[in-house]
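A.B. asks: Encoded as structure tokens, here's the structure I'll be asking about.
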Amino acid sequence: MNLKYQGVNSRGRREWLDTDLNQAVEEWQKEHYETCVTELEEMLNRKLSKNELQHILWLSGWDKSTIDTFRGLFIDLKE
């Protein structure tokens, strides 16, 4: 995960580019993305692959309850 600020997009929202995946994310999505990636990498004790990052990026576009449900699956596995 390598995020670089891009500016304000056509919807008037701050936008970031994940240069590893060459995909843009809005500010609100970036917060979910960073949290999920950080937590999963700590739980797995390794860096996520580009394919895994792509899935997390997609998931971070969903609503908070969906993201929390997904994160809960990994928390349950860890315990």
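The values are calculated or read from the model by the stated rules, or taken from the named source; none is laboratory data. Quick caveat: nothing in here was measured; it's all calculated off a predicted structure. No Cβ is skipped: glycine too gets one built from the backbone with ideal geometry, and neighbour counts run over all protein chains shown. Note: areas computed on protein heavy atoms with side chains; ligands, DNA, RNA excluded. Shrake-Rupley method; radii C 1.70, N 1.55, O 1.52, S 1.80 Å.
A.B. asks: Could you check Glu79 against (1) modelled with pLDDT of 90 or more; (2) out of contact with any Gly (no Cβ under 8 Å at 6 or more places or on another chain) and say which number it fails?
C.D. replies: (1)
A.B. asks: In segment 21-69, how many residues are part of a helix (DSSP H, G or I) and touching a Cys at 6+ places or on another chain (Cβ under 8 Å)?
C.D. replies: The number of residues fulfilling the criteria is 3.
A.B. asks: Is at least one residue of segment 60-67 in contact with a strand residue (DSSP E or B) (Cβ under 9 Å, 6 or more places away or on another chain) and on the phi < 0 side of the Ramachandran plot?
C.D. replies: yes
A.B. asks: I would also like to ask the following. Taking interchain pairs and intrachain pairs at least six residues apart, which have beta carbon atoms under 9 angstrom, with the first residue in segment 34-46 and touching a residue at least 24 places away in the same chain (Cβ under 8 Å) and the second outside any helix (DSSP H, G or I)?
C.D. replies: Glu34/Met1; Glu34/Leu3; Glu34/Ser60; Cys36/Ser60; Val37/Met1; Val37/Leu48; Val37/Ser60; Leu40/Leu48
A.B. asks: Is it fair to say Asn51 is on the phi > 0 side of the Ramachandran plot and open to solvent by 70 Å² or more (accessible area, probe 1.4 Å)?
C.D. replies: So Asn51 does not fit the description; no.
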